[in-house]
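Colleague: The structure follows.
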Amino acid sequence: MRSPVGWANTPLRRLRSDLKDPLLRNGYALLVNVGVTSLLGFLYWIVAARTYTPVHVGLSSTAIAVVQFLAGLAGQPSIANALTRFLPPAATRLTLRAYGVAAGAGALVSALYIGATHLPLGVPVVLGQSWILALALGASVVVWCVFALQDAVLTGVRQAVWVPLENGLYGIGKIVLLVALAPVTPEYGIVVSWALPALVLLPPVNLLIFRRLLRRHATAGEGDHDGRTVTRFIGGDYLGSIFALAAVDLLPVLVVARLGPAATAYFYLPFLIVYSVELVAVNLGVSLTVEGALDRSRLAEVAASVFRRIAALVVPVVLVLLLVPGLVLSVYGPAYAEQGSDLLRLLALGVLAKTVTTISFSLARVERRVARIALVQGVLFVLLMGLAWVLMGTMGLNGVGLAYLITQVVVAAAVLPVVLRTLRRA
């Protein structure tokens, strides 16, 4: 018979054992990052919803989505995927090149977008026609491109333990600025508080990366690739990343175009909650890509471990969202609970199916089958946008939730046989 102390120490011993495995150490660090960023993100939007009007929340969330989409057009997600998959002994050179390419491409797509908004092309303007605001939007895109790549570098060198600290400081800075700017500039306070802390954190985080972490990683071993392989990977992964970003960042734009800015606020916050749940699978999938690429003989074992931990973390959260969605949304205000409860239920069901699709992408990146990712992401984007536009006309916000659920179930059912074949082959 084991003593109560022995039973209590068992989880601690298991955790210590898990932390010796680079897969689980990186994975747990990224999960802590999900928890930190999600908690601070919820608090941020609670403060925003109770400090700013629904119209300001709706327009600002749309502007943030546009910035993130432009960063995606610049190739930031594809470059991040390549860094986690390929970061070689020549890590400093590759990281500098990645930063330069992402920042330059971010400036280019921002300039094209700003130019398009000043032409009679019907391109939506999210911050106004002022050139100062347009330049601020472009600068935010460039900053976001580099800021988002930092997490990929830290993960690629197996130092994801720094990611929660970086994003925690970013989340706290956002909230402080959000409150401080509310009486000063209610129209632009949300956007400024979202972008400025990222700019402030760039120098210290990159000082840590280049002065300490990349030098240590340079002696870790040899990669399985060259510059041409990395370039081909980024080129193939780019199209899939664009579709993925569009499915997330253009959905609020679609809602604001069809239902208006106030409805977008009631859509965006439930969508943000579910997206935070999705990040559990996304971040564990990143760790799966890193470890699977280093030792493909363990791919099936690593994938099974990731699946178990995703189920243990995601399923309970989804059950809470299904049972008490109004209680969860009430922290934003009674109007958000009234307007978004059924929408949150539909989105929560869809996220269960999406975890299968997310892991399939991680496995495909290990095998460098990026064309498959682009195909699946393209189908997902077309189905989601088409169904959302049609169902919004008859069901309002709940139509978006139903479109999300149908899309995720159909795509997960299509990729599941491929996942099983990959694991058997591994």
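The values are calculated or read from the model by the stated rules, or taken from the named source; none is laboratory data. Because the structure is a prediction, the values reported are computed rather than measured. Note: ideal-geometry Cβ built from the backbone for every residue, glycine included; neighbour counts use all protein chains shown. For the accessible areas, the whole protein counts, side chains as well, though only heavy atoms, and no ligand, DNA or RNA atoms are used. Shrake-Rupley method; radii C 1.70, N 1.55, O 1.52, S 1.80 Å.
Colleague: Mind checking which residues of region 340-390 are touching a Lys or Arg at 6+ places or on another chain (Cβ under 6 Å) and either of a type in the set (A, V, I, L, M) or modelled with pLDDT of 85 or more (or both)?
Modeller: Within region 340-390, just A364 meets the criteria.
Colleague: Follow-up. Just checking, how many residues over region 157-170 are closer than 21 Å to V66 by Cα and either open to solvent by 20 Å² or more (accessible area, probe 1.4 Å) or modelled with pLDDT under 90 (or both)?
Modeller: 1
Colleague: Quick check: anything in region 373-389 open to solvent by less than 10 Å² (accessible area, probe 1.4 Å) and without any contact (Cβ under 8 Å) to a residue 60 or more places away in the chain?
Modeller: no
Colleague: The conditions are (1) assigned to a helix (DSSP H, G or I); (2) open to solvent by 30 Å² or more (accessible area, probe 1.4 Å), and L363 fails exactly one of them. Which is it?
Modeller: All conditions are met except number (2).
Colleague: Being at pLDDT below 85 and either open to solvent by 30 Å² or more (accessible area, probe 1.4 Å) or assigned to a helix (DSSP H, G or I) (or both) narrows it down to one of V176, V192, V230, V200, so name that one.
Modeller: V230
Colleague: Would you mention how many residues in region 318-336 are aliphatic (A, V, I, L, M) and either open to solvent by less than 20 Å² (accessible area, probe 1.4 Å) or not in a helix (DSSP H, G or I) (or both)?
Modeller: 4
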